[in-house]
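What follows is a set of notes on a single structure, which appears directly below.
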Amino acid sequence: MTELWSLTARRAIELLKAGEVSPLEMVDACADRIDATDGGLNAMPTRCYERARGHAKRLMDKTASNYDGPGALHGLPLAVKELEDVAGVRTTYGSPIFANHVPEKSDIMVERLEQRGAIVMGKSNVPEFGAGGNSFNEVLGVSRNPWNQQRSPGGSSGGSAAALAAGQVPIATGSDLGGSLRIPASFCGIVGFRPSPGVVAKGPDAACFNDMSVAGPMARNVPDTALMLDAMAGTDYRDPLSRPKPVVPYLDDVMTVLGDGSVPRRIGYSPDLGVGPVDAEVDAICRAATERFAELGTEVTSADLDLSDGPEAFHTFRGIGFAAGHEDHLELPPGQLKPENIWNIKKGLKLKSDDVLRAHRARGALYQRVATFFADHDLLAVPSTIVPAIPTEMRYLKELNGHRFGNYVDWIILTSVITLTACPAISIPCGFTKAGLPVGLQLVGASHSDGQVLAWAAVAERLFGLADQLPIDPRGEPGGYPDPEPEPHGD
């Protein structure tokens, strides 16, 4: 019999709904898998098995009012990113400041997933406050990549991605400001979807009008990702940006397209969007994967999109967010914040009105160029990351092809500039390097085309034929901890 922990989310739900497997059996299977694989990975450093078993038993009570309909999860185990509160479970946000924090209430998204039948197994690791593309922090340690434990799973949803790839859970939450769903998905060979702002309600949060940071689903294949998004989606009065669930469920969009053989009319590929260098092997793998759409009759073009004005605007908005959320933390004793976060907070505090006005103008102009592109293209295809998974010891990538990055987030700019557009974007595995590391392709759609992006991604996933390679047992010996101090930033 297939191990329960290795089932796809949809197959596990079929068994759960039919009563062939109980929620408690699924919880125990995933708990055993976490315990067996997490010693080196450190993907799930905080676990809440007894809480999970209690939830499973309530779901098994025939008198329980179990949600049914699109997105019903029927007792499916879940990993929750360390940035998102789970009531009664230690939640540190990866920071010594909150090392002993135990929230009384869950995040809106966690509430909704539990109401729809998901069972929280524990918290997945992150960099401090989700800042950075390598998941390590001074409270919970460093997470590692199941494909090669000398490598990082990415960040900031790195623990979630590693847990999925290793079969610890079938679905996991993530969030994304500069690429935190898409980068770990690329590094770990799983699927990470950044939905349009408002699709997933989050908070309650003082930054509730911030449309750049979104929460989204992560899974081992696209249909499972769509199913999870159906469970996450919907309006909540506590999030003013939240939107109603779609009339047609996201999973229905995916299965309809897979069933009727529809394909995108036109896809444009760009290796770099004009914003910086890309590793030649990554570009070759992503380009070859995109060109495979031609086998289906899709026209594949070269996307002549220059978003080089995006990085400065992104840094401005990111700086504003860090200053607004963490200014008070600068008054704490030394060692409470990692240097990168101190730099980002101070950068935000130094901004002048001209900087903010310039960023708003640049973002609007950038969006209009992207909207023009989507007038005659169904998808934009771009590498999810400019390199494969970096070593665990590397805090961030400092140089590529002779180009020196000015700070700790410039190397993830291929996802960051897409964030500025507010367009839905997904990372799916499209190939492997000669060293055996996964490479993700970022597929971006027009504004509010979430269901269509998921559907076209499912077409690509079937074309590439890589989804059945997961889950895997962790490979190699665990890598070390990142360098203790970064180099000084240039600004």
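What follows draws every value from the coordinates through simple rules; no lab data is involved. Every value quoted in this text rests on a predicted model; they were computed, and no experiment measured them. Note: ideal-geometry Cβ built from the backbone for every residue, glycine included; neighbour counts use all protein chains shown.
Quick notes on this structure:
- Where Rh is the Kirkwood radius over Cα pairs, Rg/Rh for the chain: 0.94
- Longest stretch of the chain clear of exposed loop sites (GluC sites (Glu not before Pro), DSSP loop, at most 10 other Cβ atoms within 10 Å, sites excluded): 105-491.
- The phi torsions of the stretch 133-148, fed into the Karplus equation with coefficients 6.51, -1.76 and 1.60 and a -60° offset, translate into couplings of x, 9, 8, 8, 7, 7, 9, 10, x, 10, 9, 10, 8, x, 5, 6 Hz, rounded to whole numbers, with Gly and Pro shown as x.
- Computed over the chain, the per-residue total of -39500 (n - 2.57) for DSSP H runs of n ≥ 4 gives a 222 nm mean residue ellipticity of -11000 deg cm²/dmol, rounded to 500.
- Relative contact order, percent, the stretch 36-149 [alpha-carbon distance under 8 Å, six or more residues apart]: 34
- Entry for the stretch 430-491 at q = 0.21, 0.23 Å⁻¹: log10 I(q)/I(0) = -0.93, -1.01, Debye formula applied to identical alpha-carbon scatterers, no solvent contribution.
- Taking 25 °C and 0.890 mPa s as conditions, the stretch 337-491 diffuses translationally at an estimated 133 µm²/s according to Stokes-Einstein applied to its Kirkwood radius (Cα pairs).
- Considering all different alpha carbon pairs of the stretch 288-333, the Kirkwood hydrodynamic radius works out to 14.6 Å.
- Sorting V300, V254 from the fewest to the most surrounding beta carbons within 10 angstrom yields V300, V254.
- D211-S302 FRET efficiency (beta carbon distance; Förster radius 25 Å; 0.05 resolution): 0.25
- Convex hull volume of the C-alpha atoms in the stretch 120-187, normalised per residue: 77 Å³.
- When both the stretch 419-478 and the stretch 167-223 are represented by their alpha-carbon centers, they are found 13 Å apart.
- Each label was represented as a point 7 Å from its Cα along the Cα-to-Cβ direction; for R462 and E327 these points are 5.3 nm apart.
- For the stretch 250-359: rounded, prolate or oblate by the Cα gyration tensor [a/c cutoff 1.5]: prolate
- Of the chymotrypsin sites (Phe, Trp or Tyr not before Pro) found in the stretch 233-308, the ones in coil according to DSSP and having at most 13 other Cβ atoms within 10 Å of their Cβ are Y237.
- Exposure proxy shown here: for V459, V120, V263, the number of other Cβ atoms within 10 Å sets the order, fewest to most, as V263, V459, V120.
- Gyration tensor verdict on the stretch 66-169 (Cα atoms; rounded if a/c is under 1.5, prolate if a/b is larger than b/c, oblate otherwise): oblate
- Relative contact order %, the stretch 206-297, counting alpha carbon pairs below 8 Å whose residues are six or more apart: 19
- Across the chain, C-alpha contacts under 8 Å between residues 6 or more apart give a mean separation that, scaled by the residue count, equals a relative contact order of 18 percent.
- Rounded if a/c under 1.5, otherwise prolate or oblate - the stretch 238-283, Cα gyration tensor axes: oblate
- Proximal charge balance of C423 [Cβ under 10 Å; K/R count +1, D/E count -1]: 0
- Within the stretch 31-110, all pairs of alpha-carbon atoms sorted by distance into 5 Å bins from zero give the percentages 3, 12, 19, 22, 20, 14, 7, 3, 0.
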